[in-house]
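For reference, the structure is listed below as structure tokens.
Values in this text are rule-based calculations from the coordinates and carry no lab data. Keep in mind that what you see is a predicted model, and the values were worked out from it rather than measured. Note that we place each Cβ from the backbone using ideal geometry, even for glycine, and neighbour counts take in every protein chain shown.
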Amino acid sequence: MGVVETIALTMGVGWASGLNLYAAVAVLGLLHQTGHLVLPPDLLVLADPLVIGAALLMYVAEFFADKVPGVDTGWDAVHTFIRIPAGALLAAGAVGDLSPAAEVAAALAGGTLAAGSHFVKAGSRVLINTSPEPVTNWTASLAEDTAVLAGLFTALYHPWIFLGLLAAFVLLASWLLPRLARGIRRVFATLAGFFRRRPAPDRGPGPDS
């Protein structure tokens with residue numbers, strides 16, 4: 001792998017992990033098993049059938065959880081502690097045996113990208129869940145899965161294009177995340193106001209009536 005290809009793979013696995021970690025792991029492992037990709041030594045474990053099987057099983061679980069309003073937000077909250085560290089580890093493994101400094105730099109960049117894509121996904125879902133119909137959840141979930149597959153394919157086979165698209169994503173995320181945060185605060189403020197305004201239940205006449 002050349003320098004550009006290594007950078008694209010490093011950034012790609014970090015970014016993809018924030019959207020759908022299990023899809024990213026399964027795709028990389030299957031590509032290696034089918035001879036379409038030679039994984040760096042530190043990522044060869046992804047091609048183990050046990051790892052691929054576990055990733056596919058968890059992907060199926062996420063596929064359904066990700067499409068149920070409310071459940072998707074809970075799933076994302078738990079995976080804040082999974083996707084970001086995993087993105088950092090995968091990015092560090094993608095640089096191969098270049099140097100310890102390169103691995104640390106890759107881990108920092110990969111973890112940051114995983115955090116960015118994860119919080120864009122999770123924040124968008126909180127706002128989408130304010131809509132009572134399920135179509136937007138399904139559409140968003142399928143779009144995210146497609147983005148992971150297309151993004152990894154582009155990173156592996158068209159690294160320059162991927163890096164350009166990734167730069168555009170970083171700019172978009174920098175603009176979008178503060179707005180998502182304000183929208184989420186408004187959602188929770190509305191919910192808090194609703195519960196504060198709920199009237200106390202009528203318990204009927206007291207025993208002294």
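In the range 1-26, of all residues being surrounded by 24 or more Cβ atoms within 10 Å (Cβ to Cβ) and β-branched (Val, Ile, Thr), the one that is farthest from the chain's Cα centre (by Cα) corresponds to 10.
Here residue 154 clears all of (1) hydroxyl-bearing (Ser, Thr, Tyr); (2) buried (at least 19 other Cβ atoms within 10 Å of the Cβ); (3) under 12 Å from the mean Cα position of the chain (by Cα) except the condition numbered (3). Could you check the range 27-57 and list, in sequence order, the residues that are out of contact with any Gly (no Cβ under 9 Å at 6 or more places or on another chain), buried (at least 17 other Cβ atoms within 10 Å of the Cβ) and either closer than 18 Å to residue 85 by Cα or hydroxyl-bearing (Ser, Thr, Tyr) (or both)? If the condition is that a residue be out of contact with any Gly (no Cβ under 9 Å at 6 or more places or on another chain), buried (at least 17 other Cβ atoms within 10 Å of the Cβ) and either closer than 18 Å to residue 85 by Cα or hydroxyl-bearing (Ser, Thr, Tyr) (or both), then 28 is the only one that fits. Within the range 116-143, being in a helix (DSSP H, G or I), under 17 Å from residue 184 (Cα atoms) and touching a residue at least 60 places away in the same chain (Cβ under 8 Å) holds for 116, 117, 118, 119, 120, 121, 123, 126, 127, 137. Sub-6 Å Cβ pairs linking a first residue in the range 163-181 that is within 18 Å of residue 11 (Cβ to Cβ) to a second residue that is among the aliphatic types (A, V, I, L, M), at least 6 apart or interchain, are 163/8; 166/11; 173/120, ordered by first then second residue.
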